[in-house]
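Notes follow once the structure below has been shown.
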Amino acid sequence: MNKKEEDKNSKMTTSLQQTMSYMNEHIDPDTSFDIVYRVIEVGGRQACIYFIDGFCKDELMMKILQYFIDLKPADMPENVHEMAKKATPYVEVDLKDSWDEIIYSILSGVFALFIDGYDRCILIDSRTYPARGVSEPDKDKTLRGSKDGFVETIVFNTALIRRRIRSAELRMEMMNAGKSSQTDIVLCYMDNRVDHKFLEKVRRRIQEIQVDALTMNQESLAECLYQRKWYNPFPKFKFTERPDVAAAQVLEGDIIILVDNSPSAMIVPTSIFDIVEEADDYYFPPITGTYLRLSRFVISILTYIMTPTFLLLMQNPDWIPESFRFIMLKDESNIPLIAQFLILELAIDGLKLAAVNTPNMLSTPLSVMAALVLGEFSVNSGWFNSEVMLYMAFVAIANYTQQNYELGYALKFMRIINLILTAIFDLYGYIAAVLIFVLSIICNKTLSDKSYIYPLIPFNPGQLAKRLLRLRLPEAKKQI
């Protein structure tokens, strides 16, 4: 342990001069313009304040400082505990004597007050973070339901969940990870419904994270929590930007992980059925919700098998029944079918990347141009067959029937593997690719080490019906 680490683990003294010397050496307010410190007099004693400019509420701090400056020596408490209880006009007040905890609190935005003769620092949590307003998320939109969404400030996100679950069993457990970033992480769960063994496992893994910073927020945390089978593309976590979805998962006994600076919640454990579910399934009557859910399942499977199956049939035209001969290619292929499919798979991703980086005012005309050039002209020029363009257009659009990006790309990678194996080994390659697809799902595990396709394996008919069909809500049954 070096000298600086030993100093951080030591306790503060009652001497204000030693305190200021230590603080100025470690956080260097003379170099960092946003770290503000000021020497004042409180009740006839010398005192010093430290805070981060932009993290404190200016009007509130002016009132508190005015109160401290006007404090008379006769009203000055004898010890720091009495000072915090009787002479500090604020609700969120804490006392710390560890340098490590004091510096962490200051850098998190807490207002720190050091008073000569007191052996502890008075921490006043009057911070406010720059944040955008709560609005409907762009990705997790629904036709019905609430229109609020998570933001980048973790306190706002916990409040959105608290607003929906007013139970004494709801827990919001604060942790942090990252040696330099000290990123705030909140575990949200119902104490009487959560699997406590799994909760302890998640808590221990977060505590054991040895990284300098969670640079990419939730994705960095996800990769630290789930390190095995990185080559399996199927998602191990479900992310949502909707507080109502997060609250529903908490009530079902799952754990919600919130990461500061991230406008979404991570849901664990997650199975393939959890990922395919969406909020609209429950904002409509049971029969409509069931139709939406089953449609999403069927379309997801079609996005995987449509183009490889078409390629297989084109390689074996004798297998096509007479009533389906219309699917045969009408024009001669100038480029092999497998090359057409692979080029279009790459081109679709190129269009997605272009759409992300296109200014809003240009998105519509550029989309029309891309549709004309890559659609009609590419067929007329002989690069692609119209049938190939039709099936790839269906695949590109159908991927957006479910909101999980990771699942869409997992299906895409498996589809490309199927195309390549089918082109090389014909029917045997097609069968092998389907087996790889099935095994990738079956052999995948959730963070809790349970089956990724439960309740299919192990088989539970009641739970399987609940996953496939949108049944009546439990609270509606109890009212009958």
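The values are calculated or read from the model by the stated rules, or taken from the named source; none is laboratory data. Computed from a predicted structure; not experimentally measured. Cβ sites come from the backbone with ideal geometry, for glycine too, and all protein chains shown count toward neighbours. Heavy atoms of the whole protein, side chains included, go into the accessibility calculation; ligands, DNA and RNA do not. Shrake-Rupley method; radii C 1.70, N 1.55, O 1.52, S 1.80 Å.
Descriptive notes on the structure:
- Cα-based radius of gyration for region 284-419, normalised by 2.2 N^0.38 Å, reads 1.18.
- Hits among aspartates and glutamates - C-alpha to C-alpha of residue 139 under 14 Å, sequence gap 8 or more where chains match: 148, 241, 278, 280, 406
- Cα shape, region 52-115, gyration tensor, a/c 1.5 rule: oblate
- Fully extended contour minus Cα-Cα distance, from residue 471 to residue 146, at 0.36 nm per residue: 114.9 nm
- The separation of region 204-259 from region 393-471, counted between C-alpha centres, amounts to 21 Å.
- By average C-beta atoms within 10 angstrom, highest first, the peptides 282-291, 69-78: 282-291, 69-78
- Between residue 228 and residue 128, the FRET efficiency from the beta-carbon distance, with R0 = 45 Å, is close to 0.65.
- The alpha carbon convex hull volume per residue for the chain rounds to 212 Å³.
- Calculated log₁₀ intensity ratio I(q)/I(0) where the Debye formula runs over C-alpha points of region 1-120, q = 0.13, 0.19 Å⁻¹: -0.50, -1.10
- Non-local Lys pairs in region 1-116, i.e. 8 or more apart or on different chains, that have alpha carbons under 24 Å apart: 17
- Pairs of lysines in region 197-330 whose Cα atoms sit within less than 23 Å of one another amount to 7, provided the residues are eight or more positions apart or on different chains.
- Across every pair of non-identical alpha carbons in region 200-351, the mean reciprocal distance, once inverted, gives a Kirkwood radius of 19.7 Å.
- As a calculated quantity, the FRET efficiency between residue 436 and residue 288 at R0 = 35 Å, using C-beta atoms, amounts to about 0.50.
- Net lengthening on full extension, residue 464/residue 327 (0.36 nm per residue, minus Cα-Cα): 45.7 nm
- Pair residue 98, residue 316: separation of 7 Å Cα→Cβ label points (nm): 6.7
- Phi angles across region 385-390 convert, under the Karplus curve 6.51 cos²θ - 1.76 cosθ + 1.60 with θ = phi - 60°, into 3J(HN,Hα) values of 7, 4, 5, 5, 4, 5 Hz, Gly and Pro given as x.
- Radius of gyration, Dmax [region 57-170; alpha carbons; angstrom]: 19.2, 64
- Per residue, the accessible area of the chain comes to 54 Å² when a 1.4 Å probe rolls over the protein heavy atoms.
- Once the convex hull of all Cα atoms in region 229-317 is built, its volume per residue stands at 140 Å³.
- Net length gained if the chain between residue 450 and residue 36 were fully extended (0.36 nm per residue, minus Cα distance): 144.0 nm
- Normalised by the number of residues in region 233-288, the average gap of Cα pairs under 8 Å and 6 or more apart makes the relative contact order 35 percent.
- Approximate spin-label separation residue 28-residue 195, in nm, with each point projected 7 Å along Cα-to-Cβ: 4.8
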